[in-house]
Amino acid sequence: MKEEPDSLSVPYNFARCFNAQCPQASKCLRHIATQLDTTDYLYISIVNPARYPADGNQCECFKTTVKVHVAWGLKQLLNRIPYEDAVSIRIQLVGHYGKTGYYRFYRGERGLMPKDQAYIRQLFRNKGIKEEPTYQRYTEEYIW
């Protein structure tokens, strides 16, 4: 599991916010990103200071620091269910995410967000499979 993000995990084009007086600064990913920056980038994107709201609780740019539970890797997902159900679910996954998207999930190159995990869980339920889908690994991630 990832601990605190390092400067490399802050995407280059993620807008930072330098409004330290904002009442939500300590809970805002945009402000925390300013503290993680290094000299790696000559230029960075920032929130326009002219757009800082008078009431920081109403900021249109606020991004929560709450991490989400991300699942990685589909290689073992279909091993413990009946073959016919596994084939059907795989076809539905390819249809939903496209072949490239499916294989990025399969190889663990791309994480499954909670909505993706819920979609897969629903595919299992639609086949009458009560077992929870399991993945190769899990992490807690910020949604940049």
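So the values come out like this:
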| item | result |
| --- | --- |
| Every residue from segment 20-63 that is out of contact with any strand residue (DSSP E or B) (no Cβ under 7 Å at 6 or more places or on another chain), crowded, with 17+ Cβ neighbours inside 10 Å and not in a loop (DSSP other than H, G, I, E, B) | Ala25, Cys28, His31, Ile32 |
| Any pair with Cβ under 6 angstrom, 6 or more apart, that starts in segment 54-69 at a residue that is touching a residue at least 60 places away in the same chain (Cβ under 8 Å) and ends at one that is of a type in the set (Lys, Arg) | Lys63/Arg30; Thr65/Lys27 |
| Filter result (assigned to a helix (DSSP H, G or I), more than 20 Å from the chain's Cα centre (by Cα) and surrounded by fewer than 16 Cβ atoms within 10 Å (Cβ to Cβ)) within segment 100-144 | Arg125, Asn126 |
| Number of the exception - Ile81 against (1) more than 30 Å from Gln24 (Cβ to Cβ); (2) without any contact (Cβ under 8 Å) to a residue 12 or more places away in the chain | (2) |
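Just so you know, all these numbers are worked out from the coordinates, no wet-lab data involved. Only a predicted model underlies this, so the values are computations on that prediction, with no experimental measurement involved. Neighbour counts are summed over all protein chains in view; Cβ atoms, including those assigned to glycine, are modelled from backbone coordinates with ideal geometry.
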